[in-house]
Amino acid sequence: MSAEPYSVIPNEPKITPELVAEHGLKPEEYQRILELIGREPTITELGIFSAMWNEYCSYKSSKIHLRTLPTAGPQVIQGPGENAGVIAIGDGLAVVFKMESHNHPSYIEPYQGAATGVGGILRDVFTMGARPIACLNALSFGDPKHPKTRHLVSGVVAGVGGYGNSFGVPTVGGSVRFHSRYDGNNLVNAMAVGLAETDKIFYAAASGVGMPIVYLGSKTGRDGIHGASMASAEFGEDSESKRPTVQVGDPFAEKLLLEACLEIMAKDCVIAIQDMGAAGLTCSAVEMGAKGDLGVVLDLDKVPTREAGMTAYEMMLSESQERMLMVLKPEKEKEAEDIFRKWGLDFAIVGETTPDKRFVVRHQGVEMVNLPIKELGDEAPVYDRPHTASPKQPVIDATMIEAPLPHADALEKLMSSPDLASKRWVWEQYDHLILGNTVQRPGGDAAVVRVKEGPKGLALTTDVTPRYCEADPFEGGKQAVAETWRNLCAVGAKPMALTDNLNFGNPERPEIMGQLVGCIQGIAAACKALEFPVVSGNVSLYNETNGRAILPTPTIGGVGLLDDFAMSASIAFKAADEMIILLGETRGWLGQSLYLREVCGREEGAPPPVDLMAERRAGDFVRGLIGQQFVTAVHDISDGGLVVAVAEMALAGNIGARLYGAPAFLTEHGFWFGEDQARYVVTIKPEQSHEFAERAKAAGVPIRRIGVTHGNALTLPGERPILLDALREKHEGWLPAYMGAAAS
Amino acid sequence: MKAAVVVFPGSNRERDMAHALRLVSGREPAMVWHGERDLPAGTDLVVLPGGFSYGDYLRCGAIAAHAPIMEAVRIHARKGGLVMGVCNGFQILCEAELLPGILLRNASVKFLCRDVHLKIERSDTPFTRGYNAGQVIRVPVAHGEGNYFASEGTIGRLEAEGRVLFRYTDAEGKRDPKWNVNGATNAIAGVLNEKLNVLGLMPHPENHVENAVGCTDGRGLFAGLVAHFAQAA
Amino acid sequence: MKARVTVTLKNGVLDPQGKAIEGALKSLGVAGIASVRQGKVFDIELEGGDAARAETTLREAAEKLLANTVIENFRVEMTPAGAPAEPAAS
Amino acid sequence: MKARVTVTLKNGVLDPQGKAIEGALKSLGVAGIASVRQGKVFDIELEGGDAARAETTLREAAEKLLANTVIENFRVEMTPAGAPAEPAAS
Ligand SMILES: Nc1ncnc2c1ncn2[C@@H]1O[C@H](COP(=O)(O)OP(=O)(O)O)[C@@H](O)[C@H]1O
Ligand SMILES: [Mg+2]
């Protein structure tokens, strides 16, 4: 920029220990800052350090463990470290995707918190040059009986829908769970998936000295200042009264920003681009410079602001939404500006790249910031926090558990329990059809969206079973990945890669850190065994109130590829008199099952172990069957066990089933409701049974004929038939009835 | 058939609409930016697509109704040209007073995306000649404000003049409050203007034109329009 | 100069949102509410100091855009100088 | 008994609606508008005739549901008896 004289850095107000603490920096972290810059920081600099060294941006507690995750594979174009992960799917196309949490903001202002969470993740995806084609959302709420839960569900769901619907991307899948451990700390994990051309991916790293840095999008206001720090601090009794300004989303502005960004990218105007997410201008500018080994000078007088009298501190830390920072090809300035004006968006050159690797910020003739740009990110503290392994839970012997109800009653109870009840009330508030490519709508194992006009299709799902993770973080971590893999295979897709969103409590407590470490190890083991790499992710810690942490919740978002979307399998029974077959080994595992919790009222035991090789064999086998159209319906088995899976297939197809008895060596309830892993239910035409058995044998996958599709009821041996209409009413009815009790 | 799809800031089903038009008519529609003052010469059909023009702020369609292109749309309609507004497009046509009434918040107050059954009330219009009168089709809705409302007098006139073209029913074509997805007066899903050349409807026939994604019940609307113009030519 | 335009639904026009709020208040245990109808306010800052002209501008704005007179009524009020821009934090 | 609860956005909170309306008024040629911020009004009918109790009820309603005090302010006003339920058709 111009060489106007700027006065020296002011050191007002004085930095006091209180001020340091308020910025969430530990005394030793502040000491490190002093050593790094050799003087006392200005208040703006302190704010910048607090943002950059905060858990959310620096991953200081999780970094050394995240490094152990498998991130490579022939399909991977970009692994973790950019705005989103990128994989190749052939035909010169790439899929860009990531998941991110907006937990605390969604508790404070459910609608706007959830909405801006969706907005943020969409920006991450289109920043890389991809047009978003689908969204998913994984939601965890407190006990339905908790007085705040209903209000949170209502606001969060409306917010997710409000943003995605208006932006114009289909929300095709997700999950919703309830547990008292999320009272006061609900989770909102949003995932976005976009499509780009492999040779037109855009990255954050700046290149070239003296290149203009352009501010794009909406104006800067005082939104969410300290939002990023808030996301890393535990909630206390009074957190509700000390609420900081929450960000308000404007999906309309974001839709315009999308179109404008894709247009300037197509016109080859962009050297580097980065969205402004957590810690806004600070994070984006520092990352662009640091990644490109360049310095950055910003002139805050040029930043478009919404409010008068904003200080440098406020502008640097504002989390106003729908903004981007771009390094522009200088010769394209006019062209780029015209595009942004056409879309009615702000466009302002606010700085330039410099050779000296310093981050310099000027405001009203004063240099407010002058910091070493690399060290801001690279020298952020990294902790190897002490961690203790969770105590092993005893394996529960199913023969020692009494079945308190007839199985038919137990099934009805499970199907209308909060976690298993239909989530239609939620996903009908999401436009899941816009763009006209939704092949499989919500309600099945994985959503399927067509890639352009086909024939390729993408399968998408989010999964995790937090109660397993709590009981055994390692097995739980494995299971989350395995279930994701299974849901993709169940529609016939080849699992390609995943994104993770690790939600945990306070990592400064060794037992919580132990959960995080255990889950990451489990995820890594599963990714390796299944050749299913992690390409992006997000960590959300300090999810606890008054010392009570959430259940460890490492949400996994999976992407799979179908060569022909028209060949995807669905869960619905297709015809009567077809053979129902169970694939995989059943041991009748009731520990940590929903049956144990919902029917027996006990939440205990070791979770089902995951045999990753068995998982792989079963998944590959099922995918092959689907590819050859050998099976008529497919569903994986997860929460609730075998009979819940069968019931979901029956409801989806509106065709009942007559089931045969359990094998003699298992308890009946263990067989029907056990949650053994690596299993699927499929239907085949009876005449194919012989060939099917031979194929299964060759693939090393155990099979068992468990019944036949038939009539309009589900009949377990020796029990009353369960009419589908009655079951549907219970299954579909719980959530609307619960929410209907208050329209708030 | 030469179709023009008007794109407002915040429109988001314009691609879906263009895809359906292309698929059924075999011809690429013109995409017309809201800031234009003229429609492409020779335009047969103007389509206002779904979406959230101007974020749906103030009232759905209220700001878009004043866009520069709307004057050309008005003239096109006055001259007897066909205009079709789907979802947000319907809302815009009401706000622009090219159609009577207004679309209020859904009775459930929530945005709803689901398949609905529509009864085709008459087949002697350019929009429905691809169907039989009384036929029931399945198409999706995706809206938060589709609850059609007009004064009693207006509703009476619409009914008397046969200007209610689509109605929410069950799969057999029977009216039932349970199937009236948004609580619309008389289960009205789509209405015509007096000259029967301007149509507004809430559901999205453009999303049901392929078996691979849904079904093909929406095709009849586009096929009927193509036939209409083929005959006129 | 500041003004407020208030837009409310005409009598007889259905108000699903108001109804929903009514229901929600009841189930929240807020007693004694007979009915709720929801409307909008627009707090507008105007350039220049001519109150009469400002009022004309606002009526024009309301008629052209802010209200749909098929279903809504509106009222224009000029905020007396010195009055707070927003209701005091209650 | 009748009352009105007015809910407005706090200063500094983004108001995308207001911004869009501002832009629309400008392009409609309505001159002299500097800024627009949108809020909500709830016209509420109450059972019983105790004004003090009604006010408590309304404050409770506003705090619990009508406003989110993180981003909004509200004000409760009792409508004097005999006042029109809605602004006169303007
Ligand atoms: N928040 C949500 N948004 C969209 N779809 C959802 C949501 N929650 C659940 N669903 C859909 O409901 C279906 C059942 O969900 P879930 O029981 O979690 O499936 P699975 O057990 O196969 O993982 C899935 O198709 C899922 O995508
Ligand atoms: Mg599944």
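What follows draws every value from the coordinates through simple rules; no lab data is involved. These figures come from a predicted structure and were not determined experimentally. Note that each Cβ is placed from the backbone with ideal geometry, even for glycine, and that neighbours are counted across all protein chains shown.
For the stretch A:291-296, the Karplus equation 6.51 cos²θ - 1.76 cosθ + 1.60, evaluated at θ = phi - 60°, returns couplings of 5, x, 6, 10, x, 9 Hz by residue, with Gly and Pro reported as x. Karplus-derived 3J(HN,Hα) values for the stretch A:300-312, using 6.51 cos²θ - 1.76 cosθ + 1.60 with θ = phi - 60°, are 5, 5, 8, 6, x, 10, 9, 10, 7, x, 6, 7, 4 Hz; glycine and proline are entered as x. Given in Å, the Rg to one decimal and the Dmax to the nearest whole number for the Cα atoms of the stretch B:161-207 are 11.2, 32. Residue by residue along C:62-71, Cβ atoms of other protein chains within 10 Å of the local Cβ number 6 on average.
Which listed residue (D:F74, D:N11, D:L46) has the Cα farthest towards the positive end of the charge dipole for the stretch D:2-78, taking +1 on Lys and Arg C-beta and -1 on Asp and Glu C-beta about the Cα centre? Farthest along the dipole direction, towards plus: D:N11. Between their Cα atoms, which of A:K332/D:K26; A:K145/D:K64; A:K148/C:K40; C:K64/D:K40 are more than 25 Å away from each other? Violating the 25 Å Cα-Cα cut-off are A:K332/D:K26; A:K148/C:K40.
With N counted as the residues of the protein assembly as shown, its alpha-carbon radius of gyration over 2.2 N^0.38 Å works out to 0.93.
For the peptide B:167-173, the mean number of other protein chain Cβ atoms found within 10 angstrom of a residue's Cβ is 0. Panel order for A:K219, A:K452, A:K478, D:K64, by other beta carbons found within 10 Å of each beta carbon, from fewest to most: A:K452, D:K64, A:K219, A:K478.
Remark: the stretch B:1-51 projects, on average over all directions, an area of 3.1 nm² (convex hull of Cα atoms). Between the alpha-carbon centres of the stretch A:267-289 and the stretch D:1-44 there is a gap of 33 Å. Here the translational diffusion coefficient of the stretch B:78-153 follows from Stokes-Einstein with Rh set to the Kirkwood radius across Cα pairs; for 4 °C and 1.567 mPa s it amounts to 92 µm²/s. Listed by Cβ neighbour count within 10 Å, with the fewest neighbours leading, D:V7, A:V361 appear as D:V7, A:V361. Inter-label distance, D:S35 to A:D301: 2.3 nm, where each label sits 7 Å from its Cα along the C-beta direction.
Rounded to the nearest 10 degrees, what's the angle between the helix A:689-699 long axis and the longest principal axis of chain A, both from Cα atoms, 0 to 90? For A:689-699 against chain A, the angle is about 50 degrees.
Peptide B:144-156 has a mean of 2 when you count, residue by residue, the C-beta atoms of other protein chains within 10 Å of its C-beta. With R₀ set to 25 Å, the beta-carbon distance separating A:R341 from A:E197 gives a calculated FRET efficiency near 0.40.
Normalised by 2.2 N^0.38 Å, where N counts its residues, the alpha-carbon radius of gyration of the stretch A:165-209 equals 1.93.
Residues of the stretch A:628-664 falling in the label zone of A:A576, defined by backbone nitrogen less than 14 Å from a point 7 Å along Cα to beta-carbon, are A:654-658. Here the residues A:C600, B:C87, B:C113, ranked from fewest to most Cβ neighbours within 10 Å of their Cβ, fall in the order A:C600, B:C113, B:C87. Chain B: percent of C-alpha pairs farther apart than 30 Å? The answer is 14 percent, as a whole percent. Between beta-carbons, use under 9 Å as the cut-off and find the net charge around B:L192, counting Lys and Arg +1, Asp and Glu -1. Combined, the nearby Lys, Arg, Asp and Glu give 0.
Please give the FRET efficiency for A:A664 paired with B:S151, using the beta carbon to beta carbon distance and R0 = 56 Å, rounded to the nearest 0.05. That gives a FRET efficiency of 0.15. Computed from the C-alpha gyration tensor, the three semi-axes of the ellipsoid equivalent to the stretch A:47-157 are 29, 20, 14 Å, from longest to shortest. Grouping the Cα pair distances of the stretch A:408-555 into 5 Å bins from zero gives a pair-distance distribution of 2, 9, 15, 17, 17, 16, 13, 8, 3, 1, 0 percent in increasing distance order. The value obtained for the stretch A:248-307, namely the Cα convex hull volume divided by the number of residues, is 114 Å³ per residue.
Using the Cβ-Cβ distance between C:E77 and C:K10 with R0 = 22 Å, the FRET efficiency computed as 1/(1 + (r/R0)^6) comes to roughly 0.70. Each residue of the stretch A:336-344 is assigned a 3J(HN,Hα), and the resulting list reads 5, 4, 4, 4, 5, 5, 4, 8, x Hz, derived from the Karplus form 6.51 cos²θ - 1.76 cosθ + 1.60 (θ = phi - 60°), x at Gly and Pro. With Rh defined as the Kirkwood radius, the inverse of the mean 1/r over Cα pairs, the Rg/Rh of the stretch C:2-78 is 1.12.
Working from label points 7 Å from Cα in the Cα-to-Cβ sense, the A:L34 to A:M567 distance is 6.7 nm. Packing-based ranking of A:538-551, A:498-511, A:395-408 yields A:498-511, A:538-551, A:395-408, ordered from highest to lowest mean Cβ neighbour count within 10 Å.
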